[in-house]
1. Assign unit charges at the C-beta atoms only (+1 for Lys and Arg, -1 for Asp and Glu), then state the dipole size of segment 62-219 relative to its Cα centre in Debye, rounded to the nearest 20.
2. May I ask you to compute the full-extension gain from His18 to Glu216, defined as 0.36 nm times their residue separation minus their alpha-carbon distance, rounded to one decimal in nm?
3. How large is the helix-only mean residue ellipticity at 222 nm for the chain, computed as the sum of -39500 (n - 2.57) over DSSP H runs with n ≥ 4, divided by its residue count, in deg cm²/dmol to the nearest 500?
4. Please state, to two decimals, what the Cα-based radius of gyration of segment 205-331 comes to when divided by 2.2 N^0.38 Å (N = residues).
5. How much length, in nm to one decimal, is gained on full extension between Arg61 and Glu99, taken as 0.36 nm per residue of separation minus their Cα-Cα distance?
6. Tally the DSSP beta bridges in the chain and give the antiparallel ones as a percent, rounded to 5.
7. Which whole-number percent gives the relative contact order of segment 223-312, counting Cα pairs below 8 Å spaced six or more residues apart?
8. For Lys34, which aspartates and glutamates qualify as cross-link partners when the Cα separation must be under 18 Å and same-chain residues fewer than eight apart are set aside?
Amino acid sequence: MKKNPSKYSLAFLPTPLHKLFHLSEQTGYDIYIKRDDQTGLATGGNKTRKLEFLIQEAVERGCDTVITAGAQQSNHCRQTAAAAAIAGLECHLWLNGREPEIYQGNLLLSHLMGAHLHFSGENAKGREEALAYLQAELDKTGRKTYLIPVGGSNLTGAMGYISAMAELKKQLTNIDWQPDYIFFATSSGGTQAGIHIGKMLYNVPGNLMPVLIDKEKDFTQPLEEKIVEIIRDYNEIFNKQVRIDKNEIKIVKDYNKAEYGKLTENERTAIDVLAKNEGVLLDPVYTGRAFYGMWDILQKQKIPLGSKILFWHTGGTPALFAYAGELIINI
Ligand SMILES: Cc1ncc(COP(=O)(O)O)c(C=O)c1O
């Protein structure tokens, strides 16, 4: 990555920051929400900010094809497909599992935006190995490929959330409001790494409360370690001294009892509470789980009543349609 990275413009920024009036009144906390579900890229989400830097790098390197991987309902893959369409790049997605009979949610959107879909089927290859194989095959055909890591989580991607913190800082100053706690979903770590670095750089107040979505057994490397690596890369490239201490990378690990992508009463409760009280949609995999974590902590008053709370909505709403059968109650 170069020292002065620029962005490929993909997002509608700044995303709104607004108060959740009903939930604040009900809970006795002062709750705001930052709407990265409104970044604008084919229904938005946090990956849009990362892709502004990743796609720019691909274009600068003269690549004509981007490759990435994820679950079939991956928001990252859907936003990559959209970004590639905008930038005029070919997009190849390596997706877990067998091809379904009907495409729904994010998968449908990736298809509509022209991505080439490769289903792993029963393939025993790990994602990294599969991506390397796919890249080699495409390179053989003369394509010039750019590999985006799972979740867009390397330093280039994390740059999106470093600049998001500058954006947030400005908004907080404008409304003269300072969060005591900032909740968000963490999974492949790039968002958290960017928020962590940006917090230090721009002096953004608030304890970070990243809620872990996946089971730790599913990681090839502990998430804390990955985040430390991204911070180290940042310090090295930009000649900065953001503190690197694994023990300071706090992650809320109480809400990932169910497997990744499994909808439980927790996610349902979160979706229900935010939709019915505030007219805001969460997703069943990430923000549903993270918001529930926050909700549970507030309901049990595990943090002081009256605290100022920011929930950072990271998108994912198209997946709601893929979970329709599990979400519709009382019919
Ligand atoms: C909606 C949503 N929220 C949060 C995340 C987590 O972001 P990260 O992978 O950077 O930890 C993702 C990742 O796919 C996501 O799709």
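All of the numbers you see were taken from the coordinates with simple rules; none came from a lab. Everything numeric in this text was worked out from a predicted model, so none of it was measured. When we count neighbours, we look across all protein chains shown, and the Cβ atoms used for this are built from the backbone with ideal geometry, even at glycine.
1. Details: 12 positive and 15 negative charges, 46 e Å.
It works out to roughly 220 debye.
2. Working: separation 198, 0.36 × 198 = 71.28 nm, distance 3.28 nm.
The His18-Glu216 span can extend by a further 68.0 nm.
3. Working: 12 runs with 141 residues, N = 331.
Result for the chain, helices only: -13000 deg cm²/dmol.
4. On the way: Rg = 16.9 Å, N = 127, 2.2 N^0.38 = 13.9 Å.
In units of the globular-protein estimate, segment 205-331 measures up at 1.22.
5. On the way: separation 38, 0.36 × 38 = 13.68 nm, distance 3.23 nm.
Separation in residues times 0.36 nm, less the Cα-Cα distance, equals 10.4 nm.
6. Numbers: 3 of 32 bridges.
Of those bridges, close to 10 percent are antiparallel.
7. Numbers: 58 pairs, mean separation 18.4, N = 90.
Relative contact order comes out at 20 percent.
8. Straight-distance partners of Lys34: Glu167, Asp176, Asp180, Glu278, Asp283.
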